[in-house]
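Report on the structure given below.
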Amino acid sequence: METALARIGAAAARIEAAARANAAHAPAPSPGTTLGDDPLLAMRHAQLRAEVGATLRELDTLIGSLEHG
């Protein structure tokens, strides 16, 4: 169980590092623009947030089962 939790922690650290690296290289938005200025981008953003939320809930369930299993 501890090995699984360590692997999950390592994976989370890799994801966070990749997100930081991507954010550092992402172009800055044009002044005065928001997600609402691009309906397709706003839709994709909402879809991604929903997918990430579902994935995090699944991960939380997995961690809970490992801790209590």
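What follows draws every value from the coordinates through simple rules; no lab data is involved. From a predicted model like this one, the values you see are computed outputs, not experimental measurements. A quick note on method: Cβ atoms are made from the backbone with ideal geometry, for glycine too, and the neighbour counts reach across all protein chains shown.
What distance in nm separates the two pseudo spin-label positions at ALA6 and LEU41, each 7 Å out from Cα along the beta-carbon direction?
Label-label distance for ALA6 and LEU41, simple model: 4.3 nm.
What are the ³J(HN,Hα) values, in whole Hz, obtained from phi via the Karplus relation 6.51 cos²θ - 1.76 cosθ + 1.60 with θ = phi - 60°, for each residue of segment 19-25 in sequence order, with x given for Gly and Pro?
Calculated HN-Hα couplings, in order: 5, 5, 5, 5, 5, 5, 9 Hz.
From the list (1) 3, 17, 31, 27, 15, 5, 2, 0; (2) 3, 14, 13, 21, 17, 11, 10, 6, 4, 1, 0; (3) 4, 15, 16, 16, 12, 9, 8, 6, 6, 4, 3, 1, 0, can you say which value of P(r) over Cα pairs in 5 Å bins from 0, in percent was derived from the structure given?
(2)
For VAL52 and HIS25, FRET efficiency with R0 = 25 Å and r from the beta-carbon atoms, rounded to 0.05?
That gives a FRET efficiency of 0.80.
To the nearest 20 Debye, how big is the dipole of the chain about its Cα centre, given +1 on the beta carbon of each Lys and Arg and -1 on that of each Asp and Glu?
The dipole of the chain has a size of about 140 debye.
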